[in-house]
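Peer 1: Below you'll find the structure I mean.
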Amino acid sequence: MDYKIKKINDYKWEIEKDEKYDMRVPGIIFADRQLLDHAANEKTIDQVINVATLPGILKASYAMPDIHFGYGFPIGGVAAFDEDSGVISPGGVGFDISCGVRTLRTNLNIGDIKDRLEDIMSTLSFNIPKGVGSKGKIRLSKNQLMQLLKEGVDWAIRNGYGWEEDKYFVEENGCMAGANTDFVSSLAMDRGMDQVGTLGSGNHFLEIQVVDEIYDTGAAESLGLEKDQITIMIHSGSRGLGHQICSDYIRVMQQSVIKYGIKLADRQLACTPVSSPEGRRYYGAMACAINYAMVNRHCLAHWVRTVFERFFGKSSDKLGLGTIYDVSHNIAKIEEHNVDGKLKKVCVHRKGATRSYPPGNKDIPDRYKSIGQPVIIPGDMGRYSFILLGTEKAMSESFGSTCHGAGRLMSRTKAKKNIQGSELKKELFNKGIIVMAGSMAGLAEEAPQAYKDVSKVVDVTHYAGISKKAIRLRPLGVLKG
Amino acid sequence: MNLKRIGKKYRYIDHLSDIGIEFYGNKLEELFENAGVGMFSIMCDLELVEPQEKRNIKISQKDTCYEDLLVLWLERLLYLYEVDDVLFSEFKVCGIHKKGWNLVLTAEISGEKIDLNKHKIKIAIKAPTYHMLEIKRGDRYCNWKGRIIFDV
């Protein structure tokens, strides 16, 4: 595609609205020159343009600085649609519905675990269900699964997993409204039945990290973090249940686009009006998958607590294993945003993008009201992860959204060809990072070299003002599926 | 098509975020079988998977096309792999035919329960996608060609 790019500032670019491609709105890309060139080379901008053609899209088709080529929607894309005239698209959420990150703090210091890291990692590896074909420790009946899908984290707490206060530090307080199990297929139920509390494979991970740098001391205090403190990061999603729900509804929407006369540039963009019966059914099923994903991370955190309790011989309470925050980066939600000076209900799609709500927002926990919502950015296993904070500018510039991670640089096949998993493991060991992985080929695919530098990505969001740097975390122990 | 590729069942396609395959067949049934082989070879070393467990599959879908039937077929294979913990290595598509307004596929597949020590597991596939999905008539070297991208 040929398109015109206009520089708005060093960190924001506009793809001008072009009727030749049936664009309804312009594209907005948050990137520096280098990241922009990268997106242009890999044809990701074509995908930003394709999203801009969908009915009822508001303001712009947005791309975060970690944007990369996906299928249909780009990964790192944000699009908001009018609740009355716009559409909802399962492909705009992704197969791993509510894939996201939870971070726990501890009151341990790097000195407390440095010499025992390998043992802790082995114990975690043994106790955390992960990888291909993994089944969870929780066996559910169909009725129990239906309760879980309706109630989210409340179900888990009622059944003895995690702490009551955890839920206040999960997006939507751990329970997504509108979940309706009538709209979840039996195939999806079957796949979800015994995967609660499993990590999965691919880019999912569990890491022991250390606070490496503090950019905002006031925020660090609210987050309960100090330099050299140990934290734990869990990156996982809704597993087979979410994948099946997405597959089921992409099929439904192949018919919807014919029924409602929607023209698509890519079949994976299949969608339906938000207010249509098909749209309401998908939203109800997606909300179930969001609840499942939040419970999944909640139970993984529970296993982490039990391992730490046994290992250190203290209760998780005494170890200070509280939840900092839990936030999704593959999601669609009805939210209220200011559009042309009026507050409007819109359906925001974040595919590889994270909510970034500002200080004072009603939907963030009291503890963080003065600093803004914690935005957790998982990086690659050799460099850093970050905790950012939501901003007012994100509300006006990107429908309250920011980046979600580093973004891929190298395809999986190329990574496997160029990198040996076992060599990588040794290399990271020499850097003081212990890696436990089920598959060496899988590990090579997730090598740091296969990703963009996450520090550059978060810098762009910081300077563009759509999130603010607070904490940098460095990995010490990495568990991969 | 490159002459060297004759007789090959599938080949990988490079995709930045995910993995795709192009697959071939002289008959439509063979094309679908080879898509199954390609998908499971992304997940594990197929030579190590013995055909011990058999499953029969019947898919019947109204108002559909070959591409959509292919997605359904691969989704069904993924479902069985995940729910029954079986990696599949042999795929016999007995027939693909029209019945009224429906397209019907019948198949027999076999594989082995996942054994992490035995099977060289590579990566799990989340789902087949519609992105760049294609089934078309081939050329003088093979009658049918297909392409699919998986979310991993």
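The values are calculated or read from the model by the stated rules, or taken from the named source; none is laboratory data. Please read all numbers here as calculations on a predicted model, not as lab measurements. Don't worry about glycine lacking a Cβ; one is built from the backbone with ideal geometry, like all the others, and counts go over all protein chains shown.
Peer 1: Please return the ranges of strands (runs of 3 or more DSSP E) entirely within region A:1-83 where 1 or more residues are closer than 20 Å to residue B:129 by Cβ and hydroxyl-bearing (Ser, Thr, Tyr). Steps first, please.
Peer 2: Details: elements: A:5-9, A:12-15, A:27-30, A:61-71, A:73-82.
Answer list for region A:1-83: A:61-71.
Peer 1: Filter region B:112-127 for residues that are in a loop (DSSP other than H, G, I, E, B) and either among the β-branched types (Val, Ile, Thr) or more than 17 Å from residue A:437 (Cβ to Cβ) (or both) and give the result.
Peer 2: B:114, B:115, B:118, B:123, B:125, B:126
Peer 1: If I go through region B:1-46 residue by residue, how many of them are among the acidic types (Asp, Glu) and modelled with pLDDT under 95?
Peer 2: Pass one, region B:1-46, residues among the acidic types (Asp, Glu): B:14, B:18, B:22, B:29-30, B:33, B:45.
Narrowing the set further to residues that are modelled with pLDDT under 95 leaves B:14, B:18, B:45.
Counting residues in region B:1-46 that are among the acidic types (Asp, Glu) and modelled with pLDDT under 95 gives 3.
Peer 1: Separate question: If you take the residues in region B:110-129 that are in contact (Cβ under 8 Å) with a residue 60 or more places away in the chain and of a type in the set (A, V, I, L, M), which one is nearest to residue B:62 (Cα to Cα)?
Peer 2: B:125
Peer 1: A follow-up question, please. For region A:188-201, name all the residues that are within 9 Å of chain B (Cβ to nearest Cβ) and closer than 23 Å to residue B:42 by Cα.
Peer 2: Answer for region A:188-201, where residues must be within 9 Å of chain B (Cβ to nearest Cβ) and closer than 23 Å to residue B:42 by Cα: A:191, A:195, A:200, A:201.
Peer 1: Also: Considering each of A:268, A:229 in turn, give the residue that is touching a Leu at 6+ places or on another chain (Cβ under 9 Å), farther than 29 Å from residue A:132 by Cβ and in contact (Cβ under 8 Å) with a residue 60 or more places away in the chain. Before the answer, list the steps.
Peer 2: Details: A:268 fails: farther than 29 Å from residue A:132 by Cβ.
None of the others qualify; the one that does is A:229.
Peer 1: State the number of residues belonging to region B:90-109 that are touching a residue at least 40 places away in the same chain (Cβ under 8 Å) and either closer than 20 Å to residue A:135 by Cβ or touching a Ser or Thr at 6+ places or on another chain (Cβ under 7 Å) (or both).
Peer 2: Residues in region B:90-109 being touching a residue at least 40 places away in the same chain (Cβ under 8 Å) and either closer than 20 Å to residue A:135 by Cβ or touching a Ser or Thr at 6+ places or on another chain (Cβ under 7 Å) (or both): 5 in total.
Peer 1: Of the residues A:252, A:210, only one is within 14 Å of another protein chain (Cβ to nearest Cβ), surrounded by fewer than 24 Cβ atoms within 10 Å (Cβ to Cβ) and touching a residue at least 24 places away in the same chain (Cβ under 8 Å); which?
Peer 2: A:252
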